[in-house]
Amino acid sequence: LLTKILRLEDWRYKLLRKEKVGGRPCWVIESRPAPGHETSYGKTNTWIHTKTYVALKTLFFDKKGRKIKTVVSTGFKQVHPGIWRPRVQTFKSLVTNKKTILEFMKISINSKLDGGFFDARRLSEWR
């Protein structure tokens, strides 16, 4: 269970370069934790598509600067005007070489959720 949610301002960002992923133009953005904000990673590099602003790929580094994990998102679908979401996300450990594939069967934006959906009792059941 997450004990602390990091916000956008909890990171420091740097544009490293422009580069293509699968023929798509991307900005490669380095993200490092801001001073005083602890994370499991030393930094991440994320390839953001310049037209849709979605993350096509993210590379995670440990605190010693070693590459440890990748996430590659594919099969994008426009789910609302200007909002794109991946159908598939592939997580791969560069340490163990194991991978996990998430396939999103149904994507819904601005769905109405029952007020108790995220209550403390229900969240504790998800552990």
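Listing for the model above:
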quantity	calculated
The chain, accessible area per residue, ligands and nucleic acids excluded (1.4 Å, Å²)	75
Residue 11 long-range amide H proximity, modeled H, under 5 Å	34
Reciprocal of mean inverse Cα separation for the chain (Kirkwood radius, Å)	16.8
Heavy atoms of residue 113: accessible area, 1.4 Å probe, square angstrom to 10	100
Rounded percent of accessible protein surface that carbon and sulfur make up, the chain, 1.4 Å probe	55
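The values are calculated or read from the model by the stated rules, or taken from the named source; none is laboratory data. Everything numeric here is computed off the predicted structure, so don't read it as measured data. Side chains included, ligands, DNA and RNA excluded: accessible areas come from the protein's heavy atoms. Shrake-Rupley method; radii C 1.70, N 1.55, O 1.52, S 1.80 Å.
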